[in-house]
Structures are given as C-alpha cells and as structure tokens.
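Student: Can you keep this structure in mind? I'll have questions shortly.
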Amino acid sequence: MPTPALPADFVWGTATASYQIEGAVAEDGRGPSIWDTFTRLPGAISDGTNGDRADDHYHRYADDIALMARLGFNAYRFSIAWPRIVPAGTGEVNQAGLDFYRRIAETCHEHGITPWATLYHWDLPQPLEDAGGWLVPETAQAFADYAALTHEALGDVVEHWITLNEPWCSALLGYGNGVHAPGKQVGSDALKAAHHLLLGHGLAVQKMRASGHGSTIGITLNLYSVRPASDSAADAEAARRSDGLGNRFFLDPVLLGSYPRDVLADAGVQEWFGERTDDLPVIAAPLDFVGINYYSRHTVAAPEDGQFSDPSVPSASPGSERVVNVDTGAPKTFMGWEVHPDGILDVVAMVAERTPGTPVYITENGAAYDDQVAPDGSVDDEDRCHYLELHTQACADAVAAGLPLRGYFAWSFLDNFEWAFGESRRFGIVRVDYETQERTVKRSGWWFRDFLAGQQQGSQA
Ligand code: IFM
C-alpha cells in the first residue's frame, strides 16, 4: 500500500555532515580538527582512508544541491565545520568559512530547499582537544561562542539550527571506547564529556536566543528502541541500563532538567554530577524542536553465566559493560544494525512524553548496504529502497497516531566517509565514485524522487 500523503508542511529532507563530505581540509583557512588527527593513527580507520577529499562537496556543493532539488527534497541538513569558522577553536574568526556556508544556504534557497544547519557534527578544532577537549568545561564555553557568532553571521539565511549531533557518540565513542576521535579511553569520565557537550548546547541556545534572528533551535539525539530479550528480571535490568545510558541520559537533562539517578549510580559518578546541578537549568533551555537520528532497535539481555566483561577492554557503556545485545534473527543492514521501522514511533514517543507538543524531526534515517555497481554504472539497491519505504511508512504511522512528528531527513544524500569504517560503508542514495567524484543516483534516489512526487500530489489533493 502506498504511504499516505503527510501534511503539506511536512519536511522531507536529506542530510550530510561536514567532515564526511567536504574534503578541502586545508583550504581557505580551515584549521585542523580531531578527525584530521585521528584518521592518521594507525588502525583507527578500518580501510585506512580519511576525509581529506571525501566527496569534494566543498567545490561541488552547487551541483549537489541542484541534484537534491531534482529529486524533490525540500530541505537540506548540513553541518558547519567549527574549524572552518574558528580555526583555533577560540579567537580569530575565518570569514572564508562563513562565506562558504552562506553560499550553501543561498544555493538551497535558489532551489526552493530550506537549509538546516548543525553546528557540531564531531569535528572539534584540534587545539581545543589539546587543551582537554570535551573533558573540560572551557570547551562548552568555546562552543557557545562559536555557535553564537555563526548564528549571528548566518541567521539571515538559515532559520533552522541544530546545536549538537548525537552527543552520545561524541562522548562515549570519542572518550569511552575510543573508536571515534579523539580516541580517548577514560572509562566513566566519558560521562563528564557528555555533560560538557550538553552544557555547551545549553549555553549556545542561550546565546543564540539573544540575537535578533527568529530562528528555531533544537538538538539532535541518537535514540534507540530498546527491549529486553525475555520476560526475566535480569533482562529487564539489562534493558533499563541500555535505555538509561543510550536514551534517558540525554533526553532527561535536555528535556526535564535532571539526570537519571540510576545511570549515575551504575557508572559511579553521582558525586561529580551532584556538584554540577547548577548547570541543569542551562542544559534544559527550552527548545523549538527535537531532532532524532533513528536507525535501529536494541534487544538486550543479561550476560549468561561466564560472560564476564574484560575490564581491560575499553567500554562505551560505563557501568553497564555487561549488557549483551542479542541477535533476533531480524534482517540487518551492512552495519549489522537490525531493521526495525516501528522503532520510529517508540523514539518519537520518548520525546513527546517528556515535552508534549514539541515538534520532532527524524534528522537522520537510512542504511548502509553492500552496493553493487552494474556494468552500465547503475546501482540497483533494492534493499535500501525497501528500508526507506518501511521507515517513511513508519513516519506516516507516527503522524496518524497523533505523535508530533513534523519531518524526516534521509541519511545520506551522498556516499561518504563513514568515520571508523572509512569509505567501506555506503549510506548514500547517490553513489560517489571516490576516484572520479562522479555522482550516480542509485535506485533508492529515484525511489525517493517518485515517493516525494506522490507526497506532493497527495498533499495537494
Ligand atoms: O554517518 C553517521 C552520521 O555521521 C551520524 N549518524 C549515524 C550515521 C551512520 O553511522
């Protein structure tokens, strides 16, 4: 059955992130970021690639945005590279960086596409990491200053602003197990990094609100549908921990102004967090919307006897190292992530129950598959088409259920540099040949064009 048309003002966008697509890392005054450094560490990136060139979007953005328009998207979510704007993290501002993002926004407007800017999608200026990174509160202040000046400079061409993308990843992959930049492994102190990220978010919202621009401001969290593998009390406990660290630890401070006590206790960090309660009203600054990146469901269990976690293995789950993710046998993407479209309703409900009526956007959703290129150059990615069909249908179900879902952004427009997996995982609905930089719309891109045309017709009927 075709997906029913969603309201005419439903946002149908596509998303990218600066380091993953821009390339041009040494051009026009951009400073080094933690990802420039991290990708040079032996073994950090599975295929040894880096973002030096990526999709060369820095030079090809105009054609890329024109292609987006041809496919029918009405919004483009991109991220702004902090080291292009403030190359050293604090201090001198690089006008060429601001000019680049103004060109992106203006090109979007020329094509009837609404620009959505994310201020932090993981590319921290390296000098700030050298000074302690997200483990120190000064980085939160530096982020707020950068956010405010960028918003001040571009608020006339960009109305929708997202402070942070997925602070769980920045904190727990960056400082917990170290599989992301900066590659630190500091145990439960990674939660301090999470706190400083959220503090930076709150300070940024305060400062951005003080400008004359009537922007809408939100944050993007990666949330998971979580369920216990069985009815046992032990599996329910595993689900509490997984939901606690993955979802509630971010949702509660941002939307309710408090950290979940059980998660602080699991990680043994009550004292440190107890000394920072004054930050909570800042972190809980009122938002105009909440963005959710939704990809998958976690089915979790308590460890079987003998499944002890090895304390010498750095963990991204401080205090909950022994929670086991169970393979349910459901279809998975090339990332090994279970395909569970109805989880969209679960995660939107998590926001709605904490802050009823606040608009929610799925700011990322998509899938990596092992794309095959036919001799004629085409990519018949039927599995990705199916994934997108199921998840856009779930959006329609969420709206029909009365949940405050107002938009959806497909991840990603282009194949791109997938962090620790380098170029070995492709999420794009448009293929990129990294050698020639040629773009080829995959079958999923054409599927989206037809789907969006149907939406437009349906919403006009
Ligand atoms: O590529 C990433 C993106 O940068 C953040 N969200 C998840 C995507 C897929 O892993």
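The values are calculated or read from the model by the stated rules, or taken from the named source; none is laboratory data. Source: prediction; values computed, not measured. Because the Cβ atoms are built from the backbone with ideal geometry, glycine has one as well, and the counts that use them run over all protein chains shown.
Student: Among the residues of region 367-425 satisfying the criterion of being within 15 Å of the ligand (Cβ to nearest atom) and polar (S, T, N, Q), which is surrounded by the fewest Cβ atoms within 10 Å (Cβ to Cβ)?
Tutor: Checking each candidate, the answer is 424.
Student: Can you find a residue in region 93-105 that is charged (D, E, K, R), away from the ligand (no atom under 16 Å from the Cβ) and not in a helix (DSSP H, G or I)?
Tutor: Within region 93-105, none of the residues are charged (D, E, K, R), away from the ligand (no atom under 16 Å from the Cβ) and not in a helix (DSSP H, G or I).
Student: Inspect all residues belonging to region 135-144 and state whether any of them is under 21 Å from the mean Cα position of the chain (by Cα) and assigned to a loop (DSSP other than H, G, I, E, B).
Tutor: Among the residues of region 135-144, not one is under 21 Å from the mean Cα position of the chain (by Cα) and assigned to a loop (DSSP other than H, G, I, E, B), which makes the answer no.
Student: Checking the conditions here, which among 289, 250, 334 is within 16 Å of the ligand (Cβ to nearest atom), buried (at least 19 other Cβ atoms within 10 Å of the Cβ) and hydrophobic (A, V, I, L, M, F, W, C)?
Tutor: 250
Student: Looking at residue 431, is it in contact (Cβ under 8 Å) with a residue 60 or more places away in the chain, closer than 23 Å to residue 78 by Cβ, among the basic types (Lys, Arg) and not in a strand (DSSP E or B)?
Tutor: no
Student: Which ones in region 1-35 are acidic (Asp, Glu) and within 16 Å of the ligand (Cβ to nearest atom)?
Tutor: Scanning region 1-35 gives a single hit, 22.
Student: Here's a follow-up. If the requirement is being in contact (Cβ under 8 Å) with a residue 24 or more places away in the chain, farther than 30 Å from residue 114 by Cα and not in a loop (DSSP other than H, G, I, E, B), which of these qualifies: 370, 279?
Tutor: 279
Student: For region 199-250, how many residues meet the condition of being in a helix (DSSP H, G or I) and either over 30 Å from residue 154 (Cβ atoms) or at pLDDT below 95 (or both)?
Tutor: Looking only at that region, the number is 17.
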